[in-house]
Structure formats: C-alpha cells, structure tokens
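The values are calculated or read from the model by the stated rules, or taken from the named source; none is laboratory data. Since we're looking at a predicted model, the values are computed, not measured. Counting neighbours? That spans all protein chains shown, and the Cβs are built from the backbone with ideal geometry, glycine included. Accessible surface areas use protein heavy atoms only, side chains included; no ligands, DNA or RNA. Shrake-Rupley method; radii C 1.70, N 1.55, O 1.52, S 1.80 Å.
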Amino acid sequence: MMIFKRYTSISILYRGARHMQIQSRDKPEHNNNVNCLCNYLNISESKAQHLSKKHPVITKLNEERIKSLVSALKDIGYSDKVLLEEPGLFGVLPITLKFRYKVLKECGIKNVSPALLSTYLTVIRQKTIEELKASREIPIHVNVENRLASYLTQWPTSLTSLIYEDVNKSTLFTVRLKIIQRYLELVLDLTSEEFYRGVETYPTVKHRPLEYINETLKILQSSIMMPNHKIKSNLYLLHADPENLKNIIFNFRTIGGIDVKEVIRMHPKIAIKNVQTLLDIRKILEAYNISNEAQRRCFDIYTLGPETIKERLENAKSTPEFSMFYNHPRFLKMIHYNKTALKRLSQSYEKNKKCLSLNILSGSSAHYDVFEKAPGDRLGKGKDLLFCITQSLGKKFTTSQVRNMIKRHPFWINIPVLQAKYIYDKLSLKYTDDEIFENCPILLYPWKKVSSTLNLLQKKCPQEHFTIFHEDFKFDALSNSQKLSLVLYILETKHYFSGNGVWTEERNMTLDNVPPCDLETTNINK
C-alpha cells in the first residue's frame, strides 16, 4: 500500500511538472530573443518584436546562435544590418553561411550579395552558368570549369578536360559535383558507385568548398598518412575542417600518450571533432583521474560530448557495480557504452545473475548472450575479481599471488565481484591488507556470516556457541590473521570443508544451481 501511495504521488508530481513544461512551452518566448536582437543588431525593442513576429524562426534561436550568426557575417565582410535586409538568413547555420559564400566565390561570382546567400540553393541548382553569365553575376570571360578545378591541386598534368559536354548549359551544382567526382576518382581510386553512395549518405559534401576538400585530403594523406581505402570507407572525413585538423595535430598532439595522428588512423571520427571539445574531454578525464592506459583502451570516448562524459563518470562513481571497476584499464568502455551497460545490469539482476564482470557489462553482444543463457551464475575467467581484490589490497600483491590464494576455494569463480569488494571494505576497517591477503578466501563469504561469527568469537565465552573450543580458550590472544583463519575454519566446519559455506542457503549446491549471493549494497536504480 505504501509503495502504491508513493508511486501515485510521484505520478501526480510528474504530471504536474509535465503540465507546467507544456504551458511554459506554449508561452511566447520573444523576450529573450528580442533582447538579443536589440543588443547584437542595435535596433529598438519594437522593431525587434516586429521582426520576431514576422519571422517565427527567430523565436527558436538562442543568444549563442544569434551571436554566432552576426560573427559569421562579419567574418565574410558583411555588417550585422544584413540580417535586417535578409531575415531569411536567420534560418541558416553560421558555418553554412561561410560555406555558401566560399562556394559562390569559387564559382566565379564576384559580388556575393546577401540576397544570393539567401537564395543560394536556387542559384546553384536551378540557374545554368549561361543564365548567370547573361545576368552578369558571373563575368562572361570566366571559364567556370577551369576555375573550379584550380582549387584542387592534385590533378595529373596530362588531364586537359574534366567535363565533356557544354559546361555553360549545366548548373553550378552539376559542374561542381562532376569535378568532385572526377577528383576523388583520381586521388582515392573511388568508383562511380562508391561516390554516389557516399554523397547520398553525406549529402553536405556536395556543398563543401572545393578548397577545403583539397586541403583536408592533403592533410589526411600527407600528414596523418591515412590510407586511401580508409578515407574511402569513411567519406564523412571530407567534412573535416582543415584548420581544425591542423589544430588537432599541432595543439592537441596526443591521446593517452599516443600520437593523435596514429589514433585518427585507427578512429577516423576523431578527425571531425572540434579541437576545443577534445581539450575539454581531456581536462574532464584528468579531473576524474582516468589513466592514460584507460584512454588508450577506449579512444572512442573522445567521440562523445564533454558533458555526457562528465555525467556518466559521476553516475559511475555512485553506482557500486561500476565504481568497483573505476581503476580498471577498460573502465572507459562502460562509460562509452553506458546505456548498454545499464541495460545489461538491469537484465542480469532480473534473472538473478550477479556475477557481473566488466566484459559482460560492456563487451560484445555475443559474449553477453553466452553469459545470459548459461545455467547458474559464474564470472567466466574471474579476471575482474582478481583485479578488484588486487586493487583493494593496494597493489601490494601481484594478480598471480592473489589467484594462488583465492583459487584454493572451489567456488571462487561463482562469487560476485561486488560482494568481494564489500567484504574487503568491511574487514579493512579492523584488519591490515597483509592479514586479509593471508586469508583471502574469506572475501568470498557473505558478510552476515563473517560478521556474526566474529561477534560470537569476541564474546567472553565463545565455548557456549562453538563446542570445538577448550574452556580456557581466549580469542583475544590470537593474532588478527589467526582470527580470520579461525572464522574461515568455523564457517566451513558444518559443511565438511566442501566450500558450501559461501552460499546463503544452508544446503549443498552444485555449480549449475548456484543461489544468489548476499549483496547488501546492490542498487541498480541510480
């Protein structure tokens, strides 16, 4: 009943919050935009309000977008008043404005007016070169084909003609596309089928300035030494900003101690990330003490957004199943595949499987399917359990030493890593790492059993509870290591030292029918 009431109250709160969101969304949001227009365009409030009402697209823009638009227009030589003359430009991305201007200039249009920028698609797709020359937008003497080809510098000297039909009868879009195709055929050995499939997948390549395509390819081939087949299979690389690429190479330099050029060859997506974003990600990883080795094991972490990474790292620190792997070399895989890891975590607990490893949470689907369908509950190779215990013991002992100690127990492979970590955290409050290591198998037992046995032994007369002791037995006379050894002995006495003392149920179990382990700290709702 209490759960039902709580659920009902949460539902009411959710509906109320949702209703407020819808109401606030329905309210006109002109105020912020009006203030921004007044500040950046130096116009009166009434004029800004009129502009917003007349062009609804303005209401969807935030201050950063308006600021970027004004800045982009100034970069190509226009004043901010251009937005008042051509309000249609409010709906164009700042980077797209720069590209449009550059493309029209490359095509030979001398005076690229704001109106041409606004009607860019009509000009480039529907008007023939002949019509553009007739309207004097392109000078009559300009050879558009040669002019466009001149921006691509790796043509063979023997090539004299690129397009065989009358160029003047074609549109700028058609001519540009044929030149790009011919160029990529020569430079990358790209087939016609591969080219059209590529521009269909990444259509903005068709409107990329030729000079940028040329410069990007030169950097990819000469500086980064990326093989042509890799560029062919990742044609989105043509979107890479050449200046940004240079900044990545010369200012960002390395990822996890590896030359960034080598990393880009393995993970091309990094080439299209903004250099500032990469620097922000590095700062976040350093702030959270993520090692270079962990970064080398998951270069793809740099393809996410900085805020996403920060949020996932925070959540991982507060989720026991993730935090226990925090110092693991492959920890970032769980951050990169966070949604998959959380889904698998939930599914595993639903099926009463708690022997989770890092590879199970973030590895391949095939590996997880084997774990999910396998009878019983086991860790596989147990590497993550050994890593966790080794890390907990402060790296005083090697993984091999820990394995030799822990494998003495027949069911060590069937104990969840989280349980072993929890037992260590409890014992480490009173016992040293050396004492715990000498009795390593104790980490495999449920804490309720361990703590209750310790409590009974610490009583003045433990003989009342354990008949194995002489009446003169003094528990306090033992060393800490001996105390833990004694606890282990008692826990297994009634199981005839078969190892079955690790189970929470008082009955013999086989490996194929292992009961859920006693995890007092399990919480997957975070």
Protein accessible area in the chain, 1.4 Å probe - carbon and sulfur %: 50 percent
Under 19 Å from the Cα of K430 - aspartates and glutamates, other chains or at least 8 residues apart: E438, D476
Surrounding net charge for I335, when Lys and Arg each add one and Asp and Glu each subtract one, Cβ distance under 12 Å: +4
Measure of compaction for the stretch 343-409 (Cα Rg per 2.2 N^0.38 Å): 1.24
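Dipole of the chain, Cα-centred, from +1 at each Lys and Arg C-beta and -1 at each Asp and Glu C-beta, to the nearest 20 debye?
Details: 76 positive and 55 negative charges, 122 e Å.
Roughly 580 debye for the chain.
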Estimated inter-spin distance, H239 and S113, nm [label 7 Å along Cα→Cβ]: 3.3 nm
Rounded accessible area of W447 (nearest 10 Å², 1.4 Å probe): 40 Å²
Surface accessible to a 1.4 Å probe, per residue, for the residues of the chain, Å²: 53 Å²
Whole-number D in µm²/s for the stretch 302-358 (Stokes-Einstein; Kirkwood sum over Cα pairs; 20 °C, 1.002 mPa s): 181 µm²/s
Dipole of the chain, positive direction: furthest Cα of L97, H55, V263, with charges on the beta-carbon: H55
Förster radius 22 Å - calculated FRET efficiency between Q276 and S222 (Cβ-Cβ, nearest 0.05): 0.35
Estimated distance in nm for a label pair at D476 and E262, the labels positioned 7 Å out from Cα along Cα-to-Cβ: 6.1 nm
Cα centre as origin, Lys/Arg/Asp/Glu Cβ charges: the stretch 60-135 dipole, Debye: 140 debye
Semi-axis lengths, Å, the chain, gyration tensor of Cα atoms, sqrt of 5 times eigenvalues: 66, 30, 19
In the stretch 353-455, trypsin sites (Lys or Arg not before Pro) in a DSSP loop with at most 15 other beta-carbon atoms within 10 Å: K381, K395, K396, K407, R408, K430
Residue-count net charge about H141 - beta-carbon cut-off 13 Å; Lys, Arg +1, Asp, Glu -1: +4
More than 25 angstrom apart: percent of Cα pairs within the stretch 356-458: 24 percent
